[in-house]
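Reviewing the structure listed below.
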Amino acid sequence: MMHDEEIRALLQKYATGNLTETEKALLESWYLKQAGGSANPIDEKKMEANLKGMAGRLPVKRKAVLHTIWPRIAAAAAIVLLIIGGWWYADNRTTQKPALAKTQAVQPIIPGKDGAILTLADGHQIVLDTMGNGIIADQSGAQVELQEGRLAYKSLPIAHSPLPIAYLPAFNTLITPRGRQFQLVLPDGTKVWLNAASSIRYPTAFTGKERNVEITGEAYFEVAHNKDKPFHVKSNKQVVEVLGTHFNIMAYDDEPAVKTTLLEGKVKVTAGTAASAILQPGEQATLTRQIKIAPVKTAAAVAWKNGEFMFRNEPLENIMRSVARWYDVDIVYKADVAHKEVWGSITKYGNVSDVLEMIALTGVAHFKVAGRTIIIQS
């Protein structure tokens, strides 16, 4: 439990906007525990307003207090606040059930890493995990180079090809298995981040009037601007058309919806031959039977690219599908908790036990790990 001096120091930093995410998590966790007797849920806006008001009423203490609390802050660096359905979980170590049922000699399940499989136009496959930096292949109209965990295509002059590029359509496919992610730079300079259990199929040179690629799973794009050559991304049941912009598409087959989130620019989302919608920055298109547009916190949609799991009132089953892809594990439910919602954030580069323990602290579920299977219990 934090002392008054520590709380005052954090409140002062909160009022001036100088809190780190970890310090903010500690302060919000403390506030939610103090509000534990309230009959009504505390939403995020109300909590922020109350904290600012408290900061204005408290005297400012000497900055040296911060040195005494840093060990506790460092210990909490992995968690940024987990809440379920607007309620809170009181940390009672004497009555709380164990977050994970532990057994002896259990091998830790480590996080995923950079890695992918490249399939060339002739069908030859290259496992990029084991390759060093340098040119790894020559494809029609392009040279393929591996650069510090990123695959890049360098377009070659037509004179270097035996035939004009226009007559040499060739496609490569980049696949990330479960537990892998990778970066790609397309021949036009477009940057692509590929999440776990995903793929992208693309030409080795964009020679026509359009730039077309196909994806499965999830990918984040920073498209190189070219007003004369629109960029199209085809995924599960939809096509996204752009000129130059930043956006994320989640189109896994096992997800209930395809979600397209726009960070910069403008995109057009088309489903089938009739339904279409224009997205503005900060909006997300959700495709089930029809397209629905809603404003969202874009940070949550691209958190995977930035090394985090971030969920905003997300059902547990959605979270566990992401965990399964990144850690390459199987999920088994022994309790009816899949629909329960979690709000929070945690690094995705810790062992899977770190993620499970943080979720368990919310009280939504508890977990048992057996080999590479996570068993979810009430």
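The values are calculated or read from the model by the stated rules, or taken from the named source; none is laboratory data. Small disclaimer: the values here were computed from a predicted structure and weren't measured. Counting neighbours? That spans all protein chains shown, and the Cβs are built from the backbone with ideal geometry, glycine included. Accessible surface areas use protein heavy atoms only, side chains included; no ligands, DNA or RNA. Shrake-Rupley method; radii C 1.70, N 1.55, O 1.52, S 1.80 Å.
With the whole protein complex present, Ser378 retains an accessible surface near 90 Å², based on a 1.4 Å probe. For the stretch 292-344, the solvent-accessible area works out to 46 Å² per residue, with a probe of 1.4 Å and every protein chain left in place. With a 1.4 Å probe rolled over the protein heavy atoms of all chains, the accessible area of Arg312, Arg180 falls in the order Arg312, Arg180, largest first.
Here the stretch 199-243 exposes an accessible surface that is 46 percent carbon and sulfur, computed with a 1.4 Å probe and the other protein chains kept in place. Orientation-averaged projection of the stretch 272-378 equals 7.9 nm² [convex hull of Cα atoms, one quarter of hull surface area]. Remark: the stretch 118-132, residue by residue, has Karplus-estimated 3J(HN,Hα) of 9, 9, 7, 4, 8, x, 5, 10, 10, 7, 6, 4, 9, 8, x Hz, where x stands for each Gly or Pro and the curve is 6.51 cos²θ - 1.76 cosθ + 1.60 at θ = phi - 60°. Between the beta carbons of Ala257 and Ile110, assuming R0 = 41 Å, the FRET efficiency works out to 0.85 to the nearest 0.05. Here the Karplus curve 6.51 cos²θ - 1.76 cosθ + 1.60, taken at θ = phi - 60°, turns the phi angles of the stretch 329-336 into couplings of 10, 9, 10, 10, 9, 10, 8, 8 Hz, with x standing for Gly and Pro. Each of Tyr333 and Lys268 was given a label point 7 Å from its Cα along the Cα-to-Cβ line. The distance between the two points is 3.9 nm.
Taking 22 Å as the cut-off for C-alpha to C-alpha distance, list the pairs among Lys227/Lys292; Lys227/Lys266; Lys234/Lys348; Lys268/Lys348; Lys266/Lys348 that go past it. Cα-Cα > 22 Å for Lys227/Lys292; Lys234/Lys348; Lys268/Lys348; Lys266/Lys348; rest within. Looking only at the stretch 243-261, which residues have a backbone nitrogen under 15 Å from a spot 7 Å from the Cα of Arg289 in the C-beta direction? The answer is 257.
For the pair Gln147 and Glu210 in one chain, pulling the backbone fully straight at 0.36 nm per residue adds 20.0 nm over the alpha carbon distance. With all protein chains in place and ligands, DNA and RNA left out, the 1.4 Å accessible area ranks His124, His246 as His124, His246, largest first. Computing FRET efficiency as 1/(1 + (r/R0)^6) for Val127 and Asn18, where r is the C-beta to C-beta distance and R0 is 35 Å, gives about 0.15. Sorting Trp326, Trp343 by solvent-accessible area of protein heavy atoms yields Trp343, Trp326, largest first, with a 1.4 Å probe. Multiplying the residue separation of Lys229 and Asn313 by 0.36 nm and removing their Cα-Cα distance gives an extension gain of 26.4 nm.
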